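Structure first, then comments.
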Amino acid sequence: MCKHILLLPALFLFFQQATGQKTNTDNRFKELDRLVNRILSDWRVSGCAVAVVEKDKVVYEKGFGYRDYENKIPVTPNTVFSIASCTKAFTGQLIGTLVNDGKLDINEPVHNYYPELAFYNDFLTDNITVKDMLTHRTGLPRHDWLTHSKIPLPLDSIVYRIRFLQPSSGFREQLKYCNLMYTALGGLIHKLTGKSWEAYMKEKILDPLKMTNTSCLISDLSKSAEYSLGYTVRNDSIVQGREGTDGANAAGSMNSSVNDMAKWLIALINDGRYEGKQILSPGFIREATSPQMSAPSHPRPGLPAYPDIYFGDYGYGWNIASYRGHYQVTHGGDLPLFSSTTSFFPTDSIGIVVLVNKFDATVSEIITDYIADRMLSLPYKDWNGLILARQPKNNVAPTGIKQTVKAEPLTHSLDDYTGVYVHPAYGRIAIYKQNDSLFATHNEAPIFFQHFNYDIFRAGVPGGRLQFGMNKDGKIVSVSGALEPDVSDIIFLKRKN
């Protein structure tokens, strides 16, 4: 991993450097360049790109900072970023093409169309519809660690494992965001069309919208002619991260540039039409961007800086909100090293996309809000100052759990803990001994593993700890952890030799 030390005093000056891009003369964007550069400096971001559309025109597009910091290669509107969960809205509209072609009724149980997809019990299997999956109302929480693996899990394996996942709420009771439901929708598309999700996406949406700078595999990012490296911050330094190698995922694997995303926004704002051609269904766009499932709070819960953003419903791959009195359709995306916000105001015919090469969607949201205020002629609000004031003084993530008591020793010999532990959905945790210490892997990927107290270990897993369990005879038979905090601990049973 390559590190680039960035001194804080020099950071602000760095972002003031000209990129050679054409200056926009629209008064609504006056001083916007300075403002965006300031945000990037405050949040220690290497680069971002912005595009704004109004009706059927791109009225602003620009890159800021660098897509390759070490070699000082600037971001431009053509620079390709991972768009993460902004992918979901594309998948939702792809489902709409199946509805329009008479291949799918989203109100029918998905199991009728896709027998390979089953759920935790017969009631859920017999009742969960495609609409339930699109709107995150199946009762299933994220269960994201299911897909953690050295080698990416095949789609059919992920779909099979869903049946072993415990819901955290009743069916259609609450909005429970679950990436796996959109991943499975990719499998449904393949089932109904005989084409992969990415091939069908290219045929039905990307090619008709002339989105030639957009791809569907995470690993395709580095194949783009002009792509951004991804960065994070460590000890006040910008640090280049490792590129992803995963394949297609209908929940969040697409890559795009702001000039391509502008075409997508123009089509959505104009009832599915682009350059005089009907690409997307007007009816399905309206349905996808209308409240379908109510959320427990507005889209930015716990942030007093957003008292004038009301409700927070969900459509099909879109959050729906009232932004300072204007109807807003939006979605963010976060993957390691990248973040994004795609947003539009249907009744105002305005769209905004912000792509960032750092894992922190707060940055793209702040920039989006500033631009929205200008485009909607709203009173100025210091979004950046309000959100910064609520950040921890130390913006560095903790590296571990502080030991507050003297650790008690393990109850068994090291050899008693070694072996393979299996969960039908989350796969395998292997524990092995080396040089009088225990080490662990999850689905062959090494994870941090260090003794904490008794039979509890600090571990590189959601929740940060794993605990070994014994049977009535005192023999080690399981290891478990709060890998999904909304349900019971996930228990991996020790495989017999």
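The values are calculated or read from the model by the stated rules, or taken from the named source; none is laboratory data. Just so it is clear, the model here is predicted, and its values are computed rather than measured. Here Cβ is always computed from backbone atoms with ideal geometry, including for glycine, and neighbour counts include all displayed protein chains.
The table below lists the values:
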{"read-out": "In the range 434-489, residue farthest from Lys150 (Cα to Cα) [restricted to those that are in contact (Cβ under 8 Å) with a residue 24 or more places away in the chain and among the aromatic types (Phe, Trp, Tyr)]", "value": "Tyr454"}
{"read-out": "For Tyr114: the one exception among (1) within 24 Å of Asn319 (Cα to Cα); (2) crowded, with 17+ Cβ neighbours inside 10 Å; (3) touching a residue at least 40 places away in the same chain (Cβ under 8 Å)", "value": "(1)"}
{"read-out": "Residue check for Lys204: out of contact with any Gly (no Cβ under 6 Å at 6 or more places or on another chain), within 30 Å of Pro77 (Cβ to Cβ), of a type outside the set (A, V, I, L, M) and in contact (Cβ under 8 Å) with a residue 60 or more places away in the chain", "value": "yes"}
{"read-out": "Residue that is nearest to the chain's Cα centre (by Cα) [pool: residues in the range 226-258 that are surrounded by fewer than 22 Cβ atoms within 10 Å (Cβ to Cβ), not in a loop (DSSP other than H, G, I, E, B) and not charged (D, E, K, R)]", "value": "Thr232"}
{"read-out": "In the range 340-368, the residues that are touching a Lys or Arg at 6+ places or on another chain (Cβ under 9 Å) and over 20 Å from Arg390 (Cα atoms)", "value": "Pro346, Ser349, Ile350, Asn357"}
{"read-out": "Among (1) surrounded by 18 or more Cβ atoms within 10 Å (Cβ to Cβ); (2) under 19 Å from Ala295 (Cα atoms) - the single one Gly170 does not satisfy", "value": "(1)"}
{"read-out": "When residues of the range 194-225 are limited to those that are surrounded by fewer than 16 Cβ atoms within 10 Å (Cβ to Cβ) and acidic (Asp, Glu), the one farthest from Gly47 (Cα to Cα)", "value": "Glu203"}
{"read-out": "Pair list, Cβ under 6 Å, 6 or more apart: the range 346-375 residue within 21 Å of Ile266 (Cβ to Cβ), other residue assigned to a loop (DSSP other than H, G, I, E, B)", "value": "Ser349/Lys55"}
{"read-out": "Selected residue [under 19 Å from Asp246 (Cα atoms), buried (at least 23 other Cβ atoms within 10 Å of the Cβ), in contact (Cβ under 8 Å) with a residue 40 or more places away in the chain and not aromatic (Phe, Trp, Tyr)] from Thr183, Thr138", "value": "Thr183"}
{"read-out": "Test: Cys86 is under 18 Å from Leu134 (Cα atoms), in contact (Cβ under 8 Å) with a residue 40 or more places away in the chain and not in a loop (DSSP other than H, G, I, E, B)", "value": "yes"}
{"read-out": "Residue tally, condition in a helix (DSSP H, G or I), modelled with pLDDT of 95 or more and surrounded by fewer than 16 Cβ atoms within 10 Å (Cβ to Cβ), over the range 345-390", "value": "0"}
{"read-out": "Elements of type strands (runs of 3 or more DSSP E) in the range 421-470, at least 2 residues being more than 25 Å from the chain's Cα centre (by Cα) and within 16 Å of Lys494 (Cα to Cα)", "value": "427-434, 437-442, 465-470"}
{"read-out": "Leading residue by the ranking (farthest from Glu444 (Cα to Cα)) among those in the range 471-497 that are of a type in the set (A, V, I, L, M, F, W, C) and part of a loop (DSSP other than H, G, I, E, B)", "value": "Val487"}
{"read-out": "Condition check for Ile429: touching a strand residue (DSSP E or B) at 6+ places or on another chain (Cβ under 8 Å), of a type in the set (A, V, I, L, M) and under 24 Å from Asp144 (Cβ atoms)", "value": "yes"}
{"read-out": "Leu209 vs. criteria of a type in the set (A, V, I, L, M), more than 29 Å from Asp489 (Cβ to Cβ), part of a helix (DSSP H, G or I) and touching a residue at least 24 places away in the same chain (Cβ under 8 Å)", "value": "no"}
{"read-out": "Test: residue in the range 42-55 that is at negative phi, surrounded by fewer than 16 Cβ atoms within 10 Å (Cβ to Cβ) and at pLDDT 90 or above", "value": "no"}
{"read-out": "Members of the range 303-325 found to be within 18 Å of Tyr380 (Cβ to Cβ), surrounded by fewer than 17 Cβ atoms within 10 Å (Cβ to Cβ) and modelled with pLDDT of 85 or more, listed by number", "value": "Gly325"}
